[in-house]
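Reading through the structure tokens given below for one structure.
Since every read-out is calculated from the coordinates, none of them should be taken as a lab result. Since this is a predicted model, take the numbers as computed values, not measurements. Here the Cβ is made from the backbone with ideal geometry for all residues, glycine too, and neighbour counts use every protein chain on show.
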Amino acid sequence: FWDDWRRQYGDSGLKNPRGDRLLTELAVRAIRQLRPRLMMINYQDPDYVHWGNASHYTRAIAVIDQGLQRLVETVDSDPEYRDDTVFVIVPDCGRDANPFMSVPYQHHFNSRSAHEIFALVFGAGVVRNRILDKPVDQTSLTSTIGALMGFRVRAAEGRVLSEIIT
Amino acid sequence: MTPNAKSIAGARSTSSLYGAIAHHVSMAAKLIITTALALTPLTALLVLGWIVRLMRRETVIACVRHAHSCSRAQAVDRLGAIDRLEVYSRFPGWWSGLWQTVLGGLRAFIVLVMLTLPFGALLLLSWWAGWENSFNKGYEQAWAGPAVALVGILLTVAILSHLPMAMARFAAEGSLWSVLELRQVRRLIRAVRWRYLALTIVTVLTTAPLFLAQIAPTFMEKINPKVLTADPEELRAIAERWHLMATIYALVVLFFLRRWAARLYARAVLAEPDAAGPFVRETVSAIGLDTSDAEAPRRHWTGMVMATLLGCVAWGGFIVMLYIAQFANHAWWNWVNHPLIGLPWVFRPI
């Protein structure tokens, strides 16, 4: 995997994509070469907003959006993964919605909206076109992913979100 | 006491009571007007001009007190008897001398921009460019942001170490270039080095509540849970209350700090008459103070180095507080202005 990477991009670090685009490129190559059954991609760049540039937040979300599009296309173009893959897209935490701050979207200060996130789940075995409009704990996703993959996650604290499983 | 003496004493006591009441009402009105003007950046220029007039008056009073070894009240009375200095016997009002206030504010703003914009711009640029470069993964030039920040920090400490005395000199002399006479400013600082260090430390400490005020909105939900359900008008009212309290605090502290700096300037120029500008020389001449035999302050180099270093440490503390506050609640304006250093206006996002 890394030999192929080096053959294509070398060692200078100047040819390969960087930041969250790098994560997308690595994920796409991993899907094609390593054939994982479970993969977690931890995008990070929206966190740059902590340092004051509001545009870093929106630009980073756009970069992640483009990355997700590429990942979905990669999965859909692969016969083994098509129709047998679940995507779970979820922020690790929310953001403040503090109108008194010049940059309202931090999340260091335990505000209510910093604890409130969304989750987007689609793919095989997931109910389509349904909005589950009730508060659930983020830890439920772990149990739910296990259920979708056919095993019980004994150490997970949250419940299985059976409402979204077909 | 005879009945006539009693009635005269009673009349005097009534008149001085009315005078005291009128004085306090007048001061309260001035505080209200000053606060209202400090709420916007444009009108804060007038507050700046008024503070400059206040500082000049304070320098004159301090010169008279030193010349006659008298109390403040006595010094003010003496000023009333000297033609050229009679105007300084009265507290600067808003309506009397409005043009001087406008002009003084504009000139003071130019001086502050000259002195503080270089380091403020470097700090702002280092922050913006450093994080912009980091976001764009320019690892090869990751050193640029921190390097510019370091230069900005060093420049900040160097300039802020001079600023209080330089501004006091400007307020007294009225000359824009007086703040750039670095050798004279340094001489004056050396003449009162320990008192100047005390002023520096108090100045830095008094900036802390304003930095806390900058951080406080971050915790607004905890401080005032009603904001979760407040409509835009209610949110604006909360922001205005916060802004008003911060502004009043800044003005009270400025009133104290700037007058202290002005008195220090007077003490320094009387110890180092050669470093005095034209206005102080004329003032000293008008009050009949002979400074020709003023003993030059003894130069303890160790003491001077210690005082300078401690002053730099104090301003370093200011910079630490600035970075913490900017991380907690970032605002671009706060890199280039602090109400106790520059324009007496507290930035508000809403």
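How much length, in nm to one decimal, is gained on full extension between B:Ile21 and B:Arg281, taken as 0.36 nm per residue of separation minus their Cα-Cα distance?
Length gained, B:Ile21 through B:Arg281: 89.9 nm.
Taking only Cα atoms, what is the 0 to 90° angle, nearest 10, from helix B:193-215's long axis to the longest principal axis of chain B?
50
Restricting to Cα atoms and excluding each atom paired with itself, what does the Kirkwood estimate give for the protein assembly as shown in Å?
28.1
For segment A:1-130, report the translational diffusion coefficient in µm²/s to the nearest whole number, using Stokes-Einstein at 37 °C, 0.692 mPa s, and a Kirkwood Rh over Cα pairs.
Values: Rh = 16.8 Å.
The Stokes-Einstein estimate is 195 µm²/s.
Counting each DSSP H run of 4 or more residues in chain B as -39500 (n - 2.57), what helix-only mean residue ellipticity at 222 nm follows after dividing by all residues, to the nearest 500 deg cm²/dmol?
On the way: 12 runs with 258 residues, N = 350.
It lands at -25500 deg cm²/dmol.
From the P(r) of segment B:233-288, can you give the percent of Cα pairs sitting at distances over 16 Å?
That fraction is 61 percent.
Which net charge results for the neighbourhood of B:Val252, defined as the other residues with beta-carbon distances under 13 angstrom from its beta-carbon, given Lys and Arg at +1 and Asp and Glu at -1?
Once all neighbours under 13 Å are counted, the net charge is +3.
Averaging over all projection directions, find the projected area of the Cα convex hull of segment A:88-166 and quote it in nm² with one decimal place.
Spelled out: convex hull of the Cα atoms, projected over all directions, averaged, 6.2 nm².
Which loop-located chymotrypsin sites (Phe, Trp or Tyr not before Pro) does segment B:93-181 contain, where loop means any DSSP state but H, G, I, E or B and the Cβ has at most 12 other Cβ atoms within 10 Å? Could the numbers behind the result be given before it?
Numbers: sites: B:Trp94, B:Trp95, B:Trp99, B:Phe109, B:Phe119, B:Trp127, B:Trp128, B:Trp131, B:Phe135, B:Tyr139, B:Trp143, B:Phe170, B:Trp177; in loops: B:Trp94, B:Trp95, B:Trp143.
Sites meeting the loop and neighbour criteria: B:Trp95, B:Trp143.
Once you list every other residue whose beta carbon is under 11 Å from the beta carbon of B:Ile51, what net charge do they have if Lys and Arg are +1 and Asp and Glu are -1? Kindly include the intermediate steps, with their values, before the conclusion.
On the way: positive: B:Arg53, B:Arg56, B:Arg57, B:Arg258, B:Arg259; negative: B:Glu58.
Neighbourhood net charge equals +4.
Distance from the Cα centre of segment A:75-134 to that of segment B:21-92, in angstrom?
Going from one Cα centre to the other spans 61 Å.
Counting trypsin sites (Lys or Arg not before Pro) as exposed when in a DSSP loop with at most 11 other beta carbons within 10 Å, what is the longest stretch of chain B free of them?
In short, B:1-297.
Would you list, by chain and number, the lysines whose Cα falls below 26 Å from the Cα of B:Lys137, excluding same-chain residues fewer than 8 positions away?
B:Lys137 reaches A:Lys15.
Where does helix B:144-173 land angle-wise versus the long Cα axis of chain B, in degrees 0 to 90, nearest 10?
Once rounded, one gets 10 degrees.
Starting from segment A:7-111, pick out the trypsin sites (Lys or Arg not before Pro) whose DSSP state is loop and whose Cβ has at most 10 other Cβ atoms within 10 Å. Provide the component values of the computation, followed by the final result.
Values: sites: A:Arg7, A:Lys15, A:Arg18, A:Arg21, A:Arg29, A:Arg32, A:Arg37, A:Arg59, A:Arg70, A:Arg82, A:Arg95; in loops: A:Lys15, A:Arg18, A:Arg37, A:Arg82, A:Arg95.
Of the trypsin sites (Lys or Arg not before Pro), the ones in loops of segment A:7-111 whose Cβ has at most 10 other Cβ atoms within 10 Å are A:Lys15, A:Arg37.
Suppose every Lys and Arg Cβ carries +1 and every Asp and Glu Cβ carries -1, with no other charges. What dipole size does chain B come out with about its Cα centre, to the nearest 20 debye?
Charge dipole, chain B, about its Cα centre: 820 debye, nearest 20.
Can you tell me the length gained on complete extension of the stretch A:Asn42 to A:Arg82, counting 0.36 nm per residue apart and subtracting the Cα distance?
Length gained, A:Asn42 through A:Arg82: 12.2 nm.
What is the distance, in nm, between label points placed 7 Å from the Cα along the Cα-to-Cβ direction at A:Met149 and at B:Leu42?
Label at A:Met149, label at B:Leu42, 6.3 nm between them.
At B:Phe255 and B:Phe109, where each label point lies 7 Å from the Cα along Cα→Cβ, what is the point-to-point distance in nanometres?
About 2.3 nm, to one decimal.
Considering the Cα trace of segment B:83-163, what is its radius of gyration and what is Dmax, both in angstroms?
20.7, 68
Rounded to two decimals, what ratio of Rg to Rh does segment A:101-144 give with C-alpha atoms and a Kirkwood Rh?
Ratio of gyration radius to Kirkwood radius for segment A:101-144: 1.08.
Could you state the orientation-averaged shadow area of the convex hull built on the Cα atoms of segment B:17-121, in nm² to one decimal?
On the way: hull surface 33.8 nm².
Taking the Cα atoms of segment B:17-121, their convex hull projects to 8.5 nm² on average.
Only Cα pairs within less than 10 Å get springs; with that Gaussian network setup on chain B, which residue of B:His68, B:His300, B:His162 has the largest fluctuation?
B:His300
May I ask you to give the average projected area over all directions of the convex hull of the Cα atoms of segment B:202-295, in nm² rounded to one decimal?
Average of the hull's projected areas for segment B:202-295 equals 8.9 nm².
Using DSSP to define loop residues, name the chymotrypsin sites (Phe, Trp or Tyr not before Pro) in segment A:1-59 whose beta-carbon has at most 11 other beta-carbon atoms within 10 Å.
Numbers: sites: A:Phe1, A:Trp2, A:Trp5, A:Tyr9, A:Tyr43, A:Tyr48, A:Trp51, A:Tyr57; in loops: A:Phe1, A:Tyr43.
Here the chymotrypsin sites (Phe, Trp or Tyr not before Pro) that fit, given the DSSP loop and packing criteria, are A:Phe1.
What is the local net charge at A:Arg37, summed over the other residues whose Cβ is closer than 11 Å to its Cβ (Lys, Arg +1; Asp, Glu -1)?
Values: positive: A:Arg35; negative: A:Glu80, A:Asp84.
Here the charged neighbours net out to -1.
Taking the Cα centre of the protein assembly as shown as the origin, how large is its charge dipole in debye, to the nearest 20, when only Lys and Arg (+1) and Asp and Glu (-1) carry charge on their Cβ atoms?
Dipole of the protein assembly as shown, to the nearest 20 debye: 1840 debye.
What number, rounded to the nearest 500 deg cm²/dmol, is the helix-based mean residue ellipticity at 222 nm of chain A, given -39500 (n - 2.57) per DSSP H run of at least four residues and division by all its residues?
Result for chain A: -10500 deg cm²/dmol, rounded to the nearest 500.
What is the P(r) of chain B, as percent of Cα-Cα pairs per 10 Å bin from 0?
With a bin width of 10 Å, the distribution comes to 5, 21, 29, 23, 13, 6, 2, 0, 0, 0.
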